[in-house]
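The values are calculated or read from the model by the stated rules, or taken from the named source; none is laboratory data. What you see is a predicted model, and the numbers here were worked out from it, not measured in a lab. Cβ placement follows ideal geometry from the backbone for every residue including glycine, while neighbour counts extend to all protein chains displayed. These area figures cover heavy atoms from the full protein model, side chains too; ligands, DNA and RNA do not enter into them. Shrake-Rupley method; radii C 1.70, N 1.55, O 1.52, S 1.80 Å.
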Amino acid sequence: MFILPKYSEPDFSQLKGCPNAKFVPCPKDGVAPENFHAMSIYPEYFNVDGEWLLAEESRMDCVPVLEGGKILIKEFRNLKEGELVAVGRTEDGSDGIFLHEKAFVQAEESEQAFAFRQNRSRETAFSKDYDELYELLEHEKEHGKILWVMGPACAFDHDTRDSLSKLIKAGYMQALLTGNALATHDLEAGLFGTALGQNVYTQESVINGHYCHLDLINKAREAGSIENLINKYNIKDGIIKTCIEENVPIVLAGSIRDDGPLPPVYADVYEAQDAMRHEVRDATTIIALATTLHTIAVGNMTPSYRKRDGVLRPVYFYSVDVSEFPLNKLRDRGSLSSRTIVANVQDFVTQIAKRLVP
């Protein structure tokens, strides 16, 4: 049975004598004061009149603002002239700011000075990760919010689309963050039976298959919405269709390389970022599949903790890709609490579905 790790508060007795955090007004809209403090993925506390206030909702590389007796976290572009931003670059209390890195400490595992296969790679055995993920998802279905981030590879295979649809219907997805490509090729498969012109069953290219996704986009734009497209052409299956049927929010973030794009794709990058963060804000488990840029984007806006029902709990972040490069890049960009799995996403998804939705 899955049990959430308990949050362990800092020992504030060790922080006696620390000064109050200093807050300085923003000089103008969108500009933080000099020596501003930038947030991490970990819980951070700010000493305000002798009381250590936790930033209950955080985001890496944003700044803490004191407002109404609370610490709010804002992107630079959302700062307003006169708002009070914490300044100071230390995190040990000496600037009135304390970063709590070991908030969910588990029982200590034995460590050896020398041991093989300590890094996670294609040679890693991930069976334990799968077992933990099964239990986590069963728990989160009832007690959390499961958010999926997907690249277009998730739509290239019939079994993957079918497995994801089953997981959605069973309640294992509460939001989907993706781009124009995944939605396009999933709907293309629903209408033409192809993804990027290849049959989703046989992976064989069809004649003029390179037109299929363009025809799909054009039909969607003519229909005016994805919902109208599905109804007009009687699209019977797919990830996007199932999300719509199950009222699962979908955020399609645009890209400079997009074709079309589909009607609901966000063309403004900051509108897309706001829409993504809206869904990330209360997510407790995130599973990112085969998309480097979207994974890093979501990773950068996801803290290691979440306050839910008045209790602090960890946020679980899984990144899955057949290549080690994007997995390592995610951790290099600061998402240090992510769990990485080297796997073909088709195999990963079908295995998860077989276990959770037999």
Of the residues in the stretch 303-344, those that are more than 13 Å from the chain's Cα centre (by Cα), more than 17 Å from L137 (Cα to Cα) and open to solvent by 10 Å² or more (accessible area, probe 1.4 Å) number 21
Please verify whether the stretch 250-258 includes one or more residues that are farther than 23 Å from H294 by Cα and open to solvent by 10 Å² or more (accessible area, probe 1.4 Å). no
Out of G224, G193, G197, which single residue is touching a strand residue (DSSP E or B) at 6+ places or on another chain (Cβ under 9 Å), surrounded by fewer than 22 Cβ atoms within 10 Å (Cβ to Cβ) and in contact (Cβ under 8 Å) with a residue 12 or more places away in the chain? G197
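Residues are listed down the side, and each one gets a yes or a no for (1) in contact with a Lys or Arg (Cβ under 7 Å, 6 or more places away or on another chain); (2) in a strand (DSSP E or B); (3) open to solvent by 60 Å² or more (accessible area, probe 1.4 Å):
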residue	(1), (2), (3)
P10	no, no, no
E34	no, no, yes
A38	no, no, no
N47	no, yes, no
D61	no, no, yes
Exactly one of T202, T184, T194 is under 23 Å from the mean Cα position of the chain (by Cα) and hydroxyl-bearing (S, T, Y), and that residue is T184
Can you tell me how many residues within the stretch 140-151 are touching a Ser or Thr at 6+ places or on another chain (Cβ under 9 Å) and either basic (K, R) or assigned to a helix (DSSP H, G or I) (or both)? 3
So T292, is it polar (S, T, N, Q) and modelled with pLDDT of 95 or more: no
If we keep only residues of the stretch 141-165 that are closer than 14 Å to G193 by Cα and among the charged types (D, E, K, R), then the residue least open to solvent (accessible area, probe 1.4 Å) is R161
I'm trying to understand the selection: among the residues of the stretch 263-289, which are open to solvent by less than 30 Å² (accessible area, probe 1.4 Å) and either in contact (Cβ under 8 Å) with a residue 60 or more places away in the chain or part of a loop (DSSP other than H, G, I, E, B) (or both)? V265, M276, R277, E279, V280, A283, T284, T285, I286, I287, A288, L289
Within the stretch 12-32, how many residues are closer than 25 Å to F76 by Cβ, of a type in the set (G, A, S) and open to solvent by 20 Å² or more (accessible area, probe 1.4 Å)? 1
